[in-house]
Amino acid sequence: MAKKKTAKKAASKTASKVAKKTAKKAVKRPAAGEKFVLHDDILEGVLEVAEITRKGELRIKRTDLKRILDESFERAAIVASSGEKVKIPFLGNLMYSEVKARKAGSGVNPFTGEPMQIKARPASRKPRFSFARTVKETFANKKNW
């Protein structure tokens, strides 16, 4: 009878470990006054999952690192969509731009000359990414082609 209880406990422990590993954390939103910093968010996630081995080496699983990066970039997109400018180090800035509303109207197809109806479009936001100057210069330099 003691063996059955220990087997059940072991099974429940392994099930809870698997559940913890596979459970996706909810995407946290930064506090109202707090500014979002991508590399700090990634570092915070890495510190949570990092393990030190007996030899003193730092070990991070690839799946955990991938999850941290995915969650951090997802948070960055959420913050950028709320209106804050998100800086991605060495790459550029992520933000949004406003798209004005457009009324419905009529136009002419330039290829056939046929009159056509143009649909109305509501005002919306779209993502905008501006690259850093160093990235632009790297692409402009013909040595890198």
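The values are calculated or read from the model by the stated rules, or taken from the named source; none is laboratory data. Please read these numbers as outputs of a predicted model, since none were measured by experiment. Because the Cβ atoms are built from the backbone with ideal geometry, glycine has one as well, and the counts that use them run over all protein chains shown. Accessible surface areas use protein heavy atoms only, side chains included; no ligands, DNA or RNA. Shrake-Rupley method; radii C 1.70, N 1.55, O 1.52, S 1.80 Å.
Structure above, values below:
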| quantity | calculated |
| --- | --- |
| Residue within region 22-45 that is touching a strand residue (DSSP E or B) at 6+ places or on another chain (Cβ under 7 Å) and at pLDDT 60 or above present | yes |
| Odd one out for Leu91 among (1) open to solvent by less than 60 Å² (accessible area, probe 1.4 Å); (2) modelled with pLDDT under 95 | (1) |
| Condition met for Glu48 (open to solvent by 100 Å² or more (accessible area, probe 1.4 Å) and either modelled with pLDDT of 90 or more or not β-branched (Val, Ile, Thr) (or both)) | yes |
| The listed residue being loosely packed, with under 14 Cβ neighbours inside 10 Å and within 21 Å of the chain's Cα centre (by Cα), out of Ser106, Ser97, Ser81 | Ser97 |
| Filter result for Leu69 (under 14 Å from the mean Cα position of the chain (by Cα), within 12 Å of Leu38 (Cβ to Cβ) and open to solvent by 30 Å² or more (accessible area, probe 1.4 Å)) | yes |
| Residue tally, condition in contact with a Leu (Cβ under 9 Å, 6 or more places away or on another chain), of a type outside the set (A, V, I, L, M, F, W, C) and open to solvent by less than 100 Å² (accessible area, probe 1.4 Å), over region 112-133 | 1 |
